[in-house]
Amino acid sequence: MSETKATRAAYGEALVKLGHENDKIVVLDADLSNATMTMNFAREFPNRHFDVGIAEEHAVSMAGGLAKQGMVPVAAIYSTFLQRSYDMILQDVSMLKLHVVLAVDRAGLVGEDGETHHGAFDVGFLRQAPDMKILSPASLAELREMLIWAVEGQKGPVAVRYPRGGDRGYSDSRWDSRGGSLVCHKKGEKIAILTYGILINNVLEAEKLLSVGNIHAGVYRLTMPWPLDGQALRDAFAGYDPVIFVEEALHGAGIGEAVGAILGEKTVCRDLGSAYVPHGSLEALYRRQGLDPESIAALAREVLEA
């Protein structure tokens, strides 16, 4: 099974399991049942699945209405199409503090789906919605656990954003919400690298490259990129200078500025830049945007030398 299908299958399996356990769970999608794997839920629970067609605005607004009536809606929508629903996220979900779970498919770079499909904006506009929580799994196991937590353990709006290929390298058997939103993968000396989502794979590879040159970088990951736990960040990075923060979002459309506001001038941010990212393979685009392991390691060396 390809990485893309494995990611969607993990999500689809988790939805079906939740559906058997709770008859208030309903699933919505926007003409992409096969792509988002909500088709599995639809087969099991045809009366609790709603394909609204290419109308993402309606999907989110309807999800808010269902939540208002006591249902637990999960709306599965591509990141790049979710932006059409910005107004509904604010006024039909967030403002009313409704428990709607947004399953944000194809978050981050999508490779050869093309320029229009990169999920490079969702973190920026989702975090503007008051009370919104954003989860970003780095493995299939985490995707399942985070989806379950978002559905069963929350009362307000939650977004679980997952990539086109979600099982590349890093693996963790279980995610525990009680462990906080910041994970330390490796403690280091002087310099640290912070990220979220599957970009942790590139960061861990960058740390290996740095260690060859006797640079021992700390590696940290946000499992919940929003809201940020300011005190946890200040405590974790008190002994590091600089702190390099990397993310798959266009400049100003992620959380780099917010991380910098907490950690101060020692923060160095690397993102997708300020221009639309073109079509290309995932590996080629990582290199182009400076988010491949070699580029991240080079940035760390450059900052240390400066």
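Matching residues to (1) open to solvent by 40 Å² or more (accessible area, probe 1.4 Å); (2) hydrophobic (A, V, I, L, M, F, W, C); (3) in contact with an Asp or Glu (Cβ under 6 Å, 6 or more places away or on another chain):
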position	(1), (2), (3)
Ile54	yes, yes, yes
Tyr78	no, no, yes
His99	no, no, no
Val110	no, yes, no
Gly119	no, no, no
Ala129	no, yes, no
Met132	no, yes, no
Ala159	no, yes, no
Selection from the range 274-291 of residues open to solvent by less than 20 Å² (accessible area, probe 1.4 Å) and not small (Gly, Ala, Ser) yields Val277, Leu285, Tyr286, Leu291
For the range 244-271, pairs from a residue that is within 15 Å of Arg221 (Cβ to Cβ) and among the aromatic types (Phe, Trp, Tyr) to a residue that is open to solvent by less than 30 Å² (accessible area, probe 1.4 Å) and part of a helix (DSSP H, G or I), with Cβ under 6 Å and 6 or more apart or across chains, are Phe245/Gly256; Phe245/Val259
For the range 10-31, pairs from a residue that is closer than 14 Å to Leu66 by Cβ and among the basic types (Lys, Arg) to a residue that is crowded, with 21+ Cβ neighbours inside 10 Å and modelled with pLDDT of 90 or more, with Cβ under 6 Å and 6 or more apart or across chains, are Lys24/Val72
Scanning the range 16-40 for residues that are open to solvent by less than 70 Å² (accessible area, probe 1.4 Å), part of a helix (DSSP H, G or I) and modelled with pLDDT of 90 or more gives Val16, Leu18, Gly19
**Asked** Gly239: outside any helix (DSSP H, G or I), free of Cβ contacts under 8 Å to residues at least 60 places away in the same chain and touching a His at 6+ places or on another chain (Cβ under 8 Å), yes or no?
**Response** no
Conditions (1) more than 21 Å from Ser136 (Cβ to Cβ); (2) open to solvent by less than 10 Å² (accessible area, probe 1.4 Å); (3) not in a helix (DSSP H, G or I) -> Val74 fails only (1)
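Being among the aliphatic types (A, V, I, L, M) and either at pLDDT below 95 or closer than 18 Å to Ile296 by Cβ (or both) is the filter here; which residues of the range 253-268 pass it?
Correct list: Ile255, Val259, Leu263, Val268.
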So, first residue part of a loop (DSSP other than H, G, I, E, B) in the range 41-57, second residue open to solvent by 30 Å² or more (accessible area, probe 1.4 Å), Cβ within less than 7 Å, six or more apart or across chains; the pairs are Val52/His58; Val52/Met62; Gly53/Asp31; Ile54/Asp31
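The values are calculated or read from the model by the stated rules, or taken from the named source; none is laboratory data. What you see is a predicted model, and the numbers here were worked out from it, not measured in a lab. So basically every Cβ, Gly included, is an ideal-geometry build from the backbone, and we count neighbours across all protein chains shown. The protein model used for the area step is the full one, side chains on, heavy atoms only, and it has no ligands, DNA or RNA in it. Shrake-Rupley method; radii C 1.70, N 1.55, O 1.52, S 1.80 Å.
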